[in-house]
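See structure below.
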Ligand code: MN
């Protein structure tokens, strides 16, 4: 569903007319070579489109206007092979609305010791040309990522690729529509927020529907449509005995499938990329949507339970960022703790965990749900893959959005969990349980998160930079004091409200 290959970044070399045509021709040639190799690099999921060498202010402003308008352009990468006086970048940078990456590299890897002369020096000037560009972007406070190093190096390509993925998610977010079936779970604070401010900051809209609108669509699903998706279930999952053909709960399975199809049609017809529901508002539905939500997430839709539209949009952004990567990405909740071996978090939800993170073929099961007063819901049960992962939470602090990210290590369960009827992941947070959970709580991080085995904290940091929102990372270098200080500094930086009146 998510195809990053249709997007491109523009590679924009900067120079000036001072050097003469011969030098500018070389700059253009070198730029084309760099762009072409970056475009073919597997670490970079989008095309890299080389633009002409920028020589004056009018040139640059036109380029920025064009980038703003270009539907498939998700950002621009600048590089000053020669010296490009940066006053001429001011009009362009003032209007640029696409993410910016400043690549600080040089065409030549090594100094040609025996042949170096002033011609070489005049062509290979990024060591000072990029400093001039760095000054103006700093002075103008243009949000950007600076990537320094040789352009053929793996680490440089990884950094560009990470930024490009975040830029794809940012691009997607500008037009994202989030369908919200029902409202917020009553009285819950952290799942709420300012939807108008979210639209201003992130671009996405949150659009409310009565659950009856969804029920209408579900009722239009034909038995033949249900049959074909049931067949898909049969081939994809290990099916629990009561759900098999002719068995007691077969009709509940068909109900779940009908819900999935209706939900998918509703989302596709309205061009929604994310959605929420709530167990408190299920009028007309026989069961809380479980397996259908899980499968929609696996297809790239964002989801947040209990009306959590911020997490739904975040999960969608993380789905876009992680398209095509190994691992998996899901809605998640810090559910319960294991105070042994230094402390572990068992993450899960009532039902809605994405099978993209599953370690093995999921098991399709039906069990009672202790809340909501509806029929037993059908869900996929599995253990998560293990390895490094991130959990991310976006909260509305009243005067700004804050993105809290914790690096974690997903570890195997110490023993089987035969009675636990939901998908789950067990992790050890960085730097340790005490620091991570204290820091998360000090930061007001939510219980709902976007969880990903595909992404790193850097993807989310780049995304936060593009959005201009607060970013708090809890990782192996964090201490409780460093987190407290950072929160206080961020409060001052973002011009936060007075501390408790
Ligand atoms: Mn929840």
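The values are calculated or read from the model by the stated rules, or taken from the named source; none is laboratory data. Keep in mind that what you see is a predicted model, and the values were worked out from it rather than measured. Positions of Cβ are backbone-derived with ideal geometry, glycine not excepted, and every protein chain shown enters the neighbour counts.
Some notes on this structure:
- The listed residues are 391, 404, 408, and the only one of them that is under 21 Å from residue 166 (Cβ atoms), part of a strand (DSSP E or B) and within 16 Å of the ligand (Cβ to nearest atom) turns out to be 391.
- All of 175, 164, 169 fail the test of being touching a strand residue (DSSP E or B) at 6+ places or on another chain (Cβ under 7 Å) and at negative phi, apart from 164.
- Scanning the range 311-331 for residues that are touching a helix residue (DSSP H, G or I) at 6+ places or on another chain (Cβ under 9 Å) and under 25 Å from residue 417 (Cβ atoms) yields a total of 6.
- Assessment of the range 415-433 against the conditions (in a helix (DSSP H, G or I) and either farther than 18 Å from residue 383 by Cβ or modelled with pLDDT under 95 (or both)) yields at least one matching residue.
- Unique match (being touching a helix residue (DSSP H, G or I) at 6+ places or on another chain (Cβ under 8 Å), farther than 26 Å from residue 290 by Cβ and outside any loop (DSSP other than H, G, I, E, B)) among 463, 451: 463
- Residue list for the range 358-394, restricted to those being surrounded by 22 or more Cβ atoms within 10 Å (Cβ to Cβ) and farther than 19 Å from residue 239 by Cα: 389, 390, 391, 392, 393, 394
- Hits in the range 466-501 - residues which are assigned to a loop (DSSP other than H, G, I, E, B) and more than 24 Å from residue 99 (Cβ to Cβ): 476, 477, 478, 479, 496, 497, 498, 499, 500, 501
- Any hit, the range 343-353, residues being touching a residue at least 12 places away in the same chain (Cβ under 8 Å), in contact with a strand residue (DSSP E or B) (Cβ under 9 Å, 6 or more places away or on another chain), at positive phi and away from the ligand (no atom under 16 Å from the Cβ): yes
- Complete set of residues in the range 369-381 that are over 19 Å from residue 258 (Cα atoms) and assigned to a loop (DSSP other than H, G, I, E, B): 369, 370, 371, 372, 373
- Among the residues making up the range 434-448, those that are assigned to a loop (DSSP other than H, G, I, E, B) and within 16 Å of the ligand (Cβ to nearest atom) are 445, 446, 447.
- Unique match (being surrounded by fewer than 21 Cβ atoms within 10 Å (Cβ to Cβ), touching a helix residue (DSSP H, G or I) at 6+ places or on another chain (Cβ under 6 Å) and farther than 30 Å from residue 195 by Cβ) among 110, 132, 62: 132
- Of the residues contained in the range 221-233, one or more are found to be more than 27 Å from residue 307 (Cβ to Cβ), surrounded by 14 or more Cβ atoms within 10 Å (Cβ to Cβ), more than 16 Å from the ligand (Cβ to nearest atom) and in contact (Cβ under 8 Å) with a residue 60 or more places away in the chain.
- Residue match in the range 354-365 (condition: within 16 Å of the ligand (Cβ to nearest atom) and assigned to a loop (DSSP other than H, G, I, E, B)): yes
- Among the numbered conditions (1) touching a residue at least 60 places away in the same chain (Cβ under 8 Å); (2) farther than 17 Å from residue 421 by Cβ; (3) over 23 Å from the mean Cα position of the chain (by Cα), the only one that residue 373 does not meet is (1).
- Taking the criterion of being touching a helix residue (DSSP H, G or I) at 6+ places or on another chain (Cβ under 6 Å) and in contact (Cβ under 8 Å) with a residue 60 or more places away in the chain, the residues of the range 354-363 that qualify are 354, 355, 362.
- Residue pairs whose Cβ atoms lie under 6 Å apart, sitting 6 or more positions apart in sequence or on different chains, and linking a residue in the range 433-453 that is closer than 17 Å to residue 317 by Cα to a partner that is within 16 Å of the ligand (Cβ to nearest atom) and part of a helix (DSSP H, G or I), are 448/311; 450/314; 450/315.
- The residues on offer are 75, 14, 5, and the sole one that is surrounded by fewer than 17 Cβ atoms within 10 Å (Cβ to Cβ), touching a residue at least 24 places away in the same chain (Cβ under 8 Å) and in contact with a strand residue (DSSP E or B) (Cβ under 9 Å, 6 or more places away or on another chain) is 5.
- Inside the range 32-63, residues that are assigned to a loop (DSSP other than H, G, I, E, B) and in contact with a strand residue (DSSP E or B) (Cβ under 9 Å, 6 or more places away or on another chain) make up a count of 7.
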